[in-house]
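Take a look at the structure below.
The values are calculated or read from the model by the stated rules, or taken from the named source; none is laboratory data. Since the structure is predicted, the reported quantities are computational estimates derived from the model, not experimental observations. Here Cβ is always computed from backbone atoms with ideal geometry, including for glycine, and neighbour counts include all displayed protein chains.
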Amino acid sequence: MKEYDSIVIGSGIGGLVAAGRLVNAGYKVLVLEKNHVAGGYLQSFKRRGFTFDSCVDCFSGLDKDGPIRSVLDGLGITEEIETIRLDPIRLSLYPDFRVTVHADLDNYIEELSSLFPGEVSGLRAFFSVVRAIYSDIKDWSDNLIGTSTQNKMPLNIVKYGKTTYATLLDSHISDPLLKSVLSDRCPFYGLPPSKVGAVSMTALIMSYFSSGAYRVKGGNGRLADILVDGIRNKGSEVRFNTEVIEIITEKNRAVAIKIDEATEFRADHIISNIDYRTTASMLLKSSGGKERSAKREVLFEPSSSFFILYIGGKVDLSSFTGASSIGVFPSNDMEYNFKRESYFSPDASIGITIPTMLDSSMAPTGMHSIAAHEMVDYSFASSWKEVKPELMKRTLRKLEKIIPGISSGAVHIEAATPETLKRYTGNTNGAAYGWTQVPELRQVTTSTTNLYFAGHWEGTGGGVVAAAYSGLKAAKEIEASTRGGTY
Ligand SMILES: Cc1cc2nc3c(=O)[nH]c(=O)nc-3n(C[C@H](O)[C@H](O)[C@H](O)COP(=O)(O)OP(=O)(O)OC[C@H]3O[C@@H](n4cnc5c(N)ncnc54)[C@H](O)[C@@H]3O)c2cc1C
């Protein structure tokens, strides 16, 4: 017997946002999560008085028109979290100079113009194009979730959809060093400028300028936790420690899921917020190998992963002048950072997140909570367990050069490898952003009806805000199918 209108498999941000919107629209929803907490990559954990954000540095979507905020408002829980807007968004350190990525785009352009006076007109032209692309991305995203009537693929997405970020840079900027500086967020996606899509990079960079880069006071995981509370308070369910092992289909229609051989739950609609390959293999199994899209849609490679070193302790961070998100680039050659030989080398870039710069509640008094992100492919090690202790030492040595005294001041140190990320979230090879963010990324489809996708594998893009958009999109599609909407 059907107990729920919709079932959501996985409680990553995409799944929670989909569930939240459906609950707000009056649907009874069941969210099933294999872990003991919600959030997937968007979680935090505590050790010896320190709170560490497991993965996410900062994200957009929390401003008053933001996609996550709309769900919080609907659930009546916006006041339950305190958000912190980052300004500067980031500090990028190069061998001979530093660049502050101000929250205000004009200030950032001014800073770049003073560092690269010969490139002032190129910078203006570059950001004028990037602004235009982002405006179209925003229109298109709003169309996907039903808050805009733009129903044709906007011009700039068509125009730049097949273009790499390097090509976009080359059209306006001559100085190779400035090109590197403008590519400082490429390590987020784990792709060099020559491979990453211009539209994906624009979305990543511009969403922070346009809607703000935020963290949540007390740790980003608070957002997932309060979304769970909001969903439950409205009479829907979130169950933890409950892994979905099968999607049941009847006549090409998703009708139920199984959590063990004896227990299934039925619903009108199923949303998958989990790794696409897992969903596809479930569909292939239930359809007896007939699900055409599930076979066809595994078109892209997974994005790359991260090795993360978490350090809690007493350190002197005065040289960072208040910045809480820092990119360190020992080499000016951006492409080098993405070569296999650069992994864990002293010359490769590293990202450092220090939420306690802005939120002292995340560490004991006078101490800091720090996460250092080394971009790396899962295939780098055949046994992550074996190499982990050595990689922790190497990363710490590298950090010691950037933050002298960090080793002796540390009270707590631990690390997560791509294997940890894979095990924790089920994402193939610990992929940080779903599919690799190459040009021509497309949304996945399925020939199974009543099945929807939410999360960073859906094709809307990688990262928290893109996953949130895909969740709203899935909910919108369900609303339109059950209530005769015009989607
Ligand atoms: C190190 C790192 C740093 C990052 N930094 C940023 C950043 O600064 N800003 C940003 O915007 N993005 C960042 N990202 C990317 C961002 O975290 C992700 O793109 C986004 O959070 C993915 O959300 P999702 O909804 O796809 O779900 P996921 O986070 O992938 O969660 C999926 C959930 O499904 C559950 N699940 C899996 N299988 C099952 C099953 N069979 N049954 C039940 N439950 C299941 C998992 O346990 C998990 O909770 C980062 C990622 C990483 C790894």
Out of all the residues in region 399-412, is one or more part of a helix (DSSP H, G or I), more than 14 Å from the ligand (Cβ to nearest atom) and polar (S, T, N, Q)? yes
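Yes/no matrix, rows are residues, columns are (1) of a type in the set (A, V, I, L, M); (2) farther than 21 Å from Gly351 by Cβ:
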{"position": "Asp87", "(1), (2)": "no, no"}
{"position": "Val130", "(1), (2)": "yes, yes"}
{"position": "Lys159", "(1), (2)": "no, yes"}
{"position": "Lys162", "(1), (2)": "no, yes"}
{"position": "Ile173", "(1), (2)": "yes, yes"}
{"position": "Leu178", "(1), (2)": "yes, no"}
{"position": "Cys186", "(1), (2)": "no, no"}
{"position": "Leu191", "(1), (2)": "yes, no"}
Is it the case, given these coordinates, that Leu204 is within 16 Å of the ligand (Cβ to nearest atom), touching a Lys or Arg at 6+ places or on another chain (Cβ under 6 Å) and either part of a helix (DSSP H, G or I) or assigned by TED's automatic domain parsing to the domain that holds Gly463 (or both)? yes
Among (1) of a type in the set (Lys, Arg); (2) closer than 27 Å to Val464 by Cα; (3) touching a Gly at 6+ places or on another chain (Cβ under 9 Å), there is one condition Lys314 misses while meeting the rest; what is its number? (2)
Please find, within region 442-486, the residue that is modelled with the highest pLDDT out of those that are under 16 Å from the mean Cα position of the chain (by Cα) and more than 11 Å from the ligand (Cβ to nearest atom). Leu472
What tally of residues in region 334-389 results from selecting those that are of a type in the set (Val, Ile, Thr), surrounded by 17 or more Cβ atoms within 10 Å (Cβ to Cβ) and within 30 Å of Thr83 (Cβ to Cβ)? 6
Filter region 443-487 for residues that are farther than 20 Å from Leu204 by Cβ, outside any strand (DSSP E or B) and among the aliphatic types (A, V, I, L, M) and give the result. Val444, Ala474, Ala475, Ile478, Ala480
Starting from region 36-54, keep only residues that are under 17 Å from Leu309 (Cβ atoms) and part of a loop (DSSP other than H, G, I, E, B), then list their pairs with residues that are among the aliphatic types (A, V, I, L, M) and more than 12 Å from the ligand (Cβ to nearest atom) whose Cβ atoms are within a distance under 8 Å, requiring at least 6 positions of separation or different chains. Arg48/Val411
Among the residues listed as Phe320, Phe329, the single one being touching a Ser or Thr at 6+ places or on another chain (Cβ under 7 Å), more than 16 Å from the ligand (Cβ to nearest atom) and on the phi < 0 side of the Ramachandran plot: Phe329
Given the residues Val238, Val255, which is the only one that is assigned to a strand (DSSP E or B), of a type in the set (Val, Ile, Thr), more than 30 Å from Glu79 (Cβ to Cβ) and touching a residue at least 12 places away in the same chain (Cβ under 8 Å)? Val255
Any residue in region 112-134 that's under 15 Å from Val99 (Cβ atoms): show its pairings with residues that are surrounded by fewer than 20 Cβ atoms within 10 Å (Cβ to Cβ) and of a type in the set (D, E, K, R) at Cβ separation under 6 Å, as long as the two are six or more apart or on different chains. Phe116/Asp175; Glu119/Asp175
